[in-house]
Amino acid sequence: MKLVVQVKLEPTPKQAAALEATLAACNEAATWAGEVAFEQDTKRTYDLRKLTYTQIRARWNLGAQAAQHVIKKTCDAYATLKANLKAGNLGRPGSKRHAKATGKPITFRPDSGQPFDDRMLSWQMDQQRVSIWTVHGRVKNVGFTGGAQQLTTLALHRKGESDLLHRDGMWLLQATCEIPEQPLNTEVEDFLGLDLGIVNIATTSDGQIMAGREINRVRERERTLRTKLQKKNTPSAKRRLNKRRKKEQRRVRDINHKIAKHVVAEAERTGRGIALEDLTGIRNRVRLRKP
């Protein structure tokens, strides 16, 4: 099982400048590679590498591994776009939203995340330091910090790529960890049904409803407070709005995580499997009668 562990970097001003220049160069190169892929209709990594690899290395002074990751990141972005189009997440073919998504090349922000492999980034877990490649050379002894559980998981199970992010003025590293899974219970006699909804986040076949008025009251209170602060539009109101950024997103992620853990624990305790309804293609199967 793969998990992502996020830690916070603590670079010096000189180290932060090198990291910022690296992200800007990689994302600028990825944007150019996206334009080439769009114009040439070449979305496979191997084919796009033939068209862009040499120029990316020469023009942006990127190393071999960095250039490879830039090209792969561009192709992965187009693969994600293709999957969203196929799933209908961007509207039907011919709609404005669908045409907008397919009518222009993919671009990357200057501070978008960039993957690093073990050749470009090494971890010193005992010292809580990392050594990372940049366009200005290797930057060593960059400190990082995180929770005790995160650091333990990172030290025991880290394996694979790590992504460098710059978000809200903070430098972050997201590392991939491979945790051994417990053997599956293949001899289940019954299943715990789970229905996902909007009013009720989840309802089990045992009759347990996982939602409540408390969650909805908190959402309504936060929505009302944001509306008031936006109307005031004063410097202090803007500071409070900025402080509450992504608070709802973090709350929803935390609630969903707790519900998922509770459902899995209940199924494991009773020796049952978990059954979810298959909603794939529901828009094609269901036809609503016109009024």
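The values are calculated or read from the model by the stated rules, or taken from the named source; none is laboratory data. Everything numeric here is computed off the predicted structure, so don't read it as measured data. Every residue, glycine among them, receives a Cβ derived from its backbone with ideal geometry; neighbour counts consider all protein chains shown. The accessibility values were calculated without ligands, DNA or RNA, using every heavy atom of the protein model including side chains. Shrake-Rupley method; radii C 1.70, N 1.55, O 1.52, S 1.80 Å.
Some points to look at:
- Near pairs, Cβ below 6 angstrom, 6+ apart or cross-chain, from the range 98-121 (without any contact (Cβ under 8 Å) to a residue 40 or more places away in the chain) to any residue that is assigned to a loop (DSSP other than H, G, I, E, B): 98/90; 98/91; 101/90
- Looking across the range 233-259 at every residue that is surrounded by 13 or more Cβ atoms within 10 Å (Cβ to Cβ) and without any contact (Cβ under 8 Å) to a residue 12 or more places away in the chain, the one that is farthest from the chain's Cα centre (by Cα) is identified as 237.
- Residues of the range 231-271 classified as among the acidic types (Asp, Glu) and more than 25 Å from residue 188 (Cα to Cα), total: 2
- Filter result (loosely packed, with under 14 Cβ neighbours inside 10 Å and within 29 Å of residue 247 (Cα to Cα)) within the range 126-163: 145, 147, 148, 149, 152
- Filter pass, residue 222 being closer than 22 Å to residue 256 by Cα, open to solvent by less than 60 Å² (accessible area, probe 1.4 Å) and free of Cβ contacts under 8 Å to residues at least 40 places away in the same chain: yes
Table: residues versus (1) among the β-branched types (Val, Ile, Thr); (2) surrounded by fewer than 16 Cβ atoms within 10 Å (Cβ to Cβ).
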{"site": "124", "(1), (2)": "no, yes"}
{"site": "165", "(1), (2)": "no, no"}
{"site": "171", "(1), (2)": "no, no"}
{"site": "194", "(1), (2)": "no, no"}
{"site": "199", "(1), (2)": "yes, yes"}
{"site": "204", "(1), (2)": "yes, no"}
{"site": "213", "(1), (2)": "no, yes"}
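- Any hit, the range 181-190, residues being touching a strand residue (DSSP E or B) at 6+ places or on another chain (Cβ under 8 Å) and aliphatic (A, V, I, L, M): yes
- Odd one out for residue 99 among (1) open to solvent by less than 40 Å² (accessible area, probe 1.4 Å); (2) modelled with pLDDT under 95; (3) out of contact with any strand residue (DSSP E or B) (no Cβ under 8 Å at 6 or more places or on another chain): (1)
- Residue, surrounded by the fewest Cβ atoms within 10 Å (Cβ to Cβ), within the range 6-21, restricted to residues that are in a helix (DSSP H, G or I) and out of contact with any Leu (no Cβ under 8 Å at 6 or more places or on another chain): 13
- Lone qualifier among 174, 150 - being more than 26 Å from residue 70 (Cα to Cα) and out of contact with any Cys (no Cβ under 7 Å at 6 or more places or on another chain): 150
- Taking the range 28-63 as the range and being free of Cβ contacts under 8 Å to residues at least 60 places away in the same chain, touching a helix residue (DSSP H, G or I) at 6+ places or on another chain (Cβ under 7 Å), open to solvent by less than 70 Å² (accessible area, probe 1.4 Å) and part of a helix (DSSP H, G or I) as the test, the residues that pass are 29, 33, 36, 45, 48, 52, 53, 56.
- In this entry, residue 84 is excluded by the filter for residues that are within 30 Å of residue 157 (Cβ to Cβ) and open to solvent by less than 60 Å² (accessible area, probe 1.4 Å).
- Residue within the range 76-98 that is under 30 Å from residue 129 (Cβ atoms) and touching a Cys at 6+ places or on another chain (Cβ under 9 Å) present: no
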